[in-house]
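Reviewing the structure listed below.
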Amino acid sequence: MVFSPKVNDKLKIGPETYTITEHPAAKGMPYGQAGRRATVYQLSTTRNEFRALKVFNAIYRTDDTRVQAEKLSKYAMLPGMIACKRIVLSPIQYPDLRNRLKSLQYAVIMPWVEGTTWQELIMSKEVLDKNQCLALADGFLQTMVNMEDKGIAHCDLSGPNLIVDLVGLRSLNGSKSRFQPSLIDLEELYAPDFVQPKKLPAGSAGYAHKTVKNGIWTVDADRFAGAILLSNILTWHYKPMLEESFGEQFFDPDEIHQSCKRQELMSHALKSQYGEDLQELFEHAWNSETLDECPPFSDWARALDIDIEEISDVPTAHKQTVEIPETPLPPSTTQKPPIAQPLGGPVTGWVSLMPQQGIDSIPAPQPAKPKPRPEQENFWEWDTPQFDPNKPKSYSIDYSPSSSTIGQQGPSTAIPNPTPPPYPPPQPPRNRGQNIGYKYPPPINQQKSNTSPTRPANTQQQKQGMTDGQVAALVFLIIVVLIIIGVIIANSL
Ligand SMILES: Nc1ncnc2c1ncn2[C@@H]1O[C@H](COP(=O)(O)OP(=O)(O)O)[C@@H](O)[C@H]1O
Ligand SMILES: [Mg+2]
């Protein structure tokens, strides 16, 4: 079954029930955003916190996502890396996905990062002042220098993969400070103990160094793209930069490494606003032959006189052993506004997925240590599936409007005709009037319970008849009784 969600559809995954939210700018449409490899939907939890559900296009649905997510979680402690916390819907843990909803295989649930992508900010020419630009550059460098220290790299640093909470940034009110943006799209992160992706990232147009056309997955992969992004952030308050911006990003992809008007403008803006050191760092990266030649992020921080708060409780990646971070996953600091739900429905779908095995491979919540990082949400504590082997297997997948009353929210009402989506819909429209509800324990689990050597004796057999031992005892008893009767008869004759 294709995953083609509607607003207010429910997904029951492990202990949590998620609701598909409505797009803030398109009434009746789910809040989704299509990227190059996936579509990301916003979900709301029962506590009205938001999560992101990343549903991959078919060729990207591989077990690598699950393996990598386990390793990624330790980097969620770094500033701006909250999206490293993830639950992966692997068909091993969620066998339902083998039979139906295949498009949800290896989908990722992670914290929703509030804000606007840097790409959207450029396109809509959002105005920032110099203090806001500096605060954002400070936050960005907190992420990048810490990543550099740990020997890891994003590998596709670009405008659409950086999220900035514009409301929060603007509330700084001109005071000089630090503001933390967040990186997303972390599936291709480089770390020495990670498995190299089968298809290497080749950078994004307008950010990619000339050497990365055939793919890049190295520790210095971010240096060039980071120099462009950081220079762009630092100079965005300078009006000519806004006016001369190419489109989705500041540079026309064909201009990269070339002497051109935009390169001169950026160089001039850096020099006039921040001094020659900054201009030199940019020029150095722009004219570099290799990524290794580009300045490291620590040089940028030094030139800007930015103190980097080193996060030391994250293990450096060159160690082979995967250490588990001790830092707590603090409670959510911001209470999200409740999602407006029409009274009595509509409930257009109900998906229930229960984790079945291999649950050990999902990172468990770690013991608390009093060092809260305000931008992190209480993700694991609530969302991580808890598998109770003593609980009876109860599944119900009902993803059709006709059986929506199975849900808890009353009768289904018709959803108004949606306006065209603001992003390409991931799948062709499906006839949702068709009844495609399911009720079962799926055959795959029945087979498992029959074949598993560790499970107790077949309970079905116990309920319906006698065991082999009991049958043998009964036969033995009958024989003994017959012999006794025979002896009595023989004696009486
Ligand atoms: N955790 C998240 N929180 C909020 N929005 C997100 C999140 N992850 C992705 N997005 C949104 O979805 C878009 C596509 O996601 P991304 O992970 O970049 O997919 P792709 O791998 O296809 O590029 C992003 O540009 C962003 O707008
Ligand atoms: Mg992306």
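Just so you know, all these numbers are worked out from the coordinates, no wet-lab data involved. Keep in mind that what you see is a predicted model, and the values were worked out from it rather than measured. All Cβ positions, glycine included, derive from the backbone under ideal geometry; neighbour counts span all protein chains shown.
In table form, for the structure just shown:
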{"read-out": "Burial ordering of Asp222, Asp149, Asp129, fewest other beta-carbon atoms within 10 Å first", "value": "Asp129, Asp149, Asp222"}
{"read-out": "Theoretical gain in end-to-end length, Thr218 to Ser171 [0.36 nm per residue, Cα-Cα removed]", "value": "13.2 nm"}
{"read-out": "Neighbour-count ranking [beta-carbon atoms within 10 angstrom, fewest first] of Trp217, Trp236", "value": "Trp217, Trp236"}
{"read-out": "Among the listed pairs Lys85/Lys271; Lys150/Lys213; Lys71/Lys198; Lys85/Lys198; Lys102/Lys213, those beyond 28 Å (Cα-Cα)", "value": "Lys85/Lys271; Lys102/Lys213"}
{"read-out": "Highest-first arrangement of 304-313, 248-257, where packing means the average Cβ count within 10 Å", "value": "248-257, 304-313"}
